[in-house]
Structure formats: structure tokens, C-alpha cells
Amino acid sequence: MTLSCSYRLEPTLLLTVCLLLLNGGGIDASAGFIKSPMSQVRLSGDSVELHCEAVGQPIPEIQWWFEANEPNDTFDQLWDGARQDRIQINATYNMHATSAIYVASLRVEDSGTYECRVSNDPDRNHLWKTPKVKWIRSQANVIVIEYPEVFTGPSHFVSGTHAMLFCNITAPPSNITGHTWKKGEKILQEDGGSDLITTYKLAQVNADTSGSYDCYFMTDPPLKGTIEVSVSPHVVAYKPSEHGNEGDVGVMTCKSKSYPPVENWNWYKESDGTNEPILNGTGDHFLINSNGTKTELRIASLNMETDQGTYICNGTNSFGSGGATVSLRVRSRFAALWPFLGIVAEVLVLVTIIFIYEKRRKPDEIPDEDDGGAAPLKSNAGTDHKEENVRQRNSTEH
């Protein structure tokens, strides 16, 4: 029976589909590689990972073997956990076989030939039967080079001064094609030079510039040197003063971003010219939470008489210590009412002033409209005045 696979598929998927078709037709398909391990060069102390994938029906088994570069040495099978747990082997068998071998903390003696062996013959592991199909093999060479020594400096730094960091290598594994300086993941400086020495200038050594600096020589494989710019802790208070109401929880925080991190944090309270240490968990009243960059003091149920005052946080590392002060003010539990009471008092004063003013504007006596005797009476006073004036004019004419 003849079967053909001419579908236009991705090569790995195409081979898998073809094998399934062959198996569906009652034909066993021998194992074949779809991914082989690649040779690599590594430095001592690094790690290496090799991958191997194969297809076949039934799904093949993958084994890893190793042969050192020593004369008369032979292949030995590798197992997960070998070489003092420095070897890890992971494999999956789903549609096709996949396996990866990982070797950590490489040593020079790890150099050699790593072989991926694949077979799906049912008798492949039989003790006395010879398998019909031999194991197929794919090899990769791993060369482990002794890590060249990278000289770095300086080893001591003074806060407030400038510093010139340098890395120097005497025996690179290959030609140098450039240099790179990093602090963490941030690239600080790059060049394409081939010098055996590279430098980076710090304008000033302080808490902001302290940290771990890495210099890289672009060789095959790349080389790295590390310089630690270390200073004593530069401690600052998150807030120089804190306020809290009586009965509430008071929180004070100090932090330091200097390198190396703070190893020990301590809190004190000023009392009569002396600093009294505060112990974590004292009477369930004080609680201190600290890490390498921050410390926090919590005071439960603030008391105006005993908790108010000045507190000191102090951080120490192997290069010295630093501290900061926090002023804590505790207000009465009724302090929040004072603004409201002040507004009420202002309103009462204003109402009183308006009442007095209106009172003084009113006349002393106001006639009662219902009192008939107080009403003016009609009279002929106007007529009498006219008649009297006429009589006076007549008598004058005569």
C-alpha cells in the first residue's frame, strides 16, 4: 500500500499528520528527529539547556547520554538529578516526543558530547532481546571555558566624592567587540571598543548612586564583572511630623534607599533628654514592621499624655548607620468638634448682635390701634380760623 503526504503544512505538523495517517493505515512509522540539540560554548558557573524532539508511531522514547572529552571515555546515560542535582531532564509525550536537559553551575569537566537518543521499538529496553530498530542519535558539543578573571575597582567609596569605576580583563575567550555598563536592567553606557579595560564615572557617591554596577565585555560568550558601590544608610522620614486623635492608631514611617540595604532598624522616643528604646510588641501598644528599605512604627490607641513627642528611627548596615526624627502630635478625641463648635459660637454672636441692633431701632411706645381714645377727633378748627381772619381784615378796613 502506498501513502503520500503532500499537504502544504508546517514541516513539524506535516510529519506528525503523515505518521498518524500511516499508523491509521496499520503501518508502524520509525522515529525521526524534528529538532536536534545545538552545540554551545559556556563559561564556568553558567548553565546550558539542550532540546530534542522526535516523531513516530508509536510515540518514541528520548534518552540523554554523555561522553567526556577524555581519551578512552565512553557514553554514560544521564538521569534527572545526576551530578549532585545539577542536571534536570524534562520530557513530554503528546502527539510527538519532546525532551530538554538543563545543566546548572557548569564546570570544566561538564565539557563533552551530549547525545539525544530516540527509539520507538517495543524491544528497545529489553534485557536480552535485540531491538529491530536501533536507536537513532543526534549529538551536540558543549564546551565549558574556565571563567576568565575580571578585575574590578575601586573597592572603597567615600560619600560626597566622585568615583571612577573600572573593569579589566587579561585573557578574553575571544575578540572584544564592545563594552556595556548596567545598573540593574538599566543600560548606563555602551561602546564598540576592543580595549581590555572599560570605565564608568560617578559624579558623586551618595544614596541615589549607590548600588550594584555590572560591566560587560562583548566576547563569545560575554564576560561580566560586578562593582558594588556601598554607603551607610541615608534614612529619611516619610513625613517629618504626624498627627493623630486620641484613641486612634498612629503610624510613623522611615525609609532608606542606600546600598547595601539596612540590616537593623531601631526606634526610640525622646524623654527628658534621653532616647528610650521602643521594643516591638511592648504591651501590644507598639508594633514595628521593617524590611531592607523601610520601617514602620504603629502605636495602638494613642494617648495624649504618654505618646505625644519626638520619635527617632535608626538604620544600620555594614558601612554605618543613619537616622531621622518624626514629631507626633496627639489631639483630643473631641478635636474634630472644635471647628463645628466655633461656627456655632460665631452664629450665636451674630444673632445676638442683630437682635440688640433691632431692639434699639424700635420707638419706646407704639400706639395701640385698637384703643379708640387715642384716635384724633374731627373738628371745625380749620373753619374757625378762616372766619377769625375775615373779621380781623374787616375791622382793619374800618
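FYI, it's all coordinate maths here, none of it is from the lab. All of these numbers come straight from a predicted model, not from anything done at the bench. Every residue, glycine among them, receives a Cβ derived from its backbone with ideal geometry; neighbour counts consider all protein chains shown.
Considering all projection directions equally, how large on average is the shadow of the alpha-carbon convex hull of region 87-131, in square nanometres?
4.7 nm²
Kindly rank 199-209, 268-278, 50-60 from highest to lowest mean number of other beta carbons found within 10 Å of each residue.
50-60, 199-209, 268-278
For the modelled label position 7 Å from the Cα of HIS285 along Cα-to-Cβ, which residues of region 239-274 have backbone nitrogen atoms closer than 20 Å?
242-253, 266-274
If packing is taken as the average number of other Cβ atoms within 10 Å across a peptide's residues, how do 109-121, 171-183 rank, most packed first?
Values: 109-121: 20.5, 171-183: 15.8.
Highest-to-lowest ranking by the protection proxy: 109-121, 171-183.
Using only C-alpha positions, report the orientation-averaged shadow area of the convex hull of region 90-220, nm², one decimal.
13.3 nm²
So, with +1 on the Cβ of K and R and -1 on the Cβ of D and E, and no other charges, what is the size of the charge dipole of region 221-344 about its Cα centre, to the nearest 20 debye?
For region 221-344, the charge dipole is close to 500 debye.
Three principal axis extents, largest first, for the C-alpha atoms of region 192-338, in Å?
For region 192-338, the Cα extents along the three principal axes come out at 73, 30, 26 Å.
R0 = 22 Å: FRET efficiency of GLU276 with ASN303, Cβ-based, nearest 0.05?
Details: r = 15 Å, r/R0 = 0.70.
After rounding to 0.05, the efficiency reads 0.90.
Say each of TYR102 and ALA203 gets a label point 7 Å from the Cα, pointing the same way as Cα to Cβ; how far apart are those two points in nm?
Here the answer is 4.2 nm between the modelled labels.
So how do 313-322, 161-170 stack up, highest first, on mean other-Cβ count within 10 Å?
Ranked from most to least packed, the peptides come out as 313-322, 161-170.
Can you pull a Stokes-Einstein diffusion coefficient for region 263-340 at 25 °C (0.890 mPa s), Rh from Kirkwood over Cα pairs, as a whole number of µm²/s?
Working: Rh = 14.0 Å.
The calculation lands on 175 µm²/s.
Expressed as cubic angstrom per residue, what is the convex hull volume of the alpha carbon set of region 33-100? Before the final figure, lay out each step's value.
On the way: hull volume 7.7 nm³, N = 68.
Each residue corresponds to 114 Å³ of Cα convex hull volume.
From the convex hull of the Cα coordinates of region 162-203, what is the mean projected area in square nanometres?
3.4 nm²
At a Cα cut-off below 30 Å, give the lysines reachable from LYS201, other chains included and same-chain residues fewer than 8 away excluded.
Leaving aside lysines fewer than 8 places away in the same chain, those within reach of LYS201 are LYS182, LYS183, LYS186, LYS224, LYS255, LYS257, LYS294.
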